[in-house]
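Notes for the one structure printed next.
Values quoted throughout were computed directly from the atomic coordinates according to the rules given, and no laboratory measurement underlies them. Please read these numbers as outputs of a predicted model, since none were measured by experiment. Please note: Cβ atoms are built from the backbone with ideal geometry, for glycine as well, and neighbour counts cover all protein chains shown.
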Amino acid sequence: MFKNIAAPELIVVVLLLLIFFGGKKIPEFFKGIGEAIGEFKKGAKDTKEE
């Protein structure tokens with residue numbers, strides 16, 4: 001999915017995240033994403049078992 005992302009694009013994305021969300025909100029944002037992914041995997045596993 002992310003095979004074509006090079007270092008300059010990654011740097012631009014990180015800088016934009018810092019500008020829009022600030023240093024304090026980014027860890028909270030990624031924590032929320034991690035929890036959402038965990039819930040999705042849990043739901044997918046439960047659905048597969050049924």
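For this structure, a couple of remarks:
- Screening the chain for residues that are assigned to a helix (DSSP H, G or I) and aromatic (F, W, Y) and picking the one that is farthest from the chain's Cα centre (by Cα) gives F20.
Listed here are the residues, each with its yes/no results for (1) hydrophobic (A, V, I, L, M, F, W, C); (2) surrounded by 10 or more Cβ atoms within 10 Å (Cβ to Cβ); (3) free of Cβ contacts under 8 Å to residues at least 12 places away in the same chain.
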| position | (1), (2), (3) |
| --- | --- |
| A7 | yes, no, yes |
| V13 | yes, yes, yes |
| L16 | yes, yes, yes |
| I19 | yes, no, yes |
| P27 | no, yes, yes |
| K31 | no, yes, yes |
| E35 | no, yes, yes |
| K42 | no, yes, yes |
| K48 | no, no, yes |
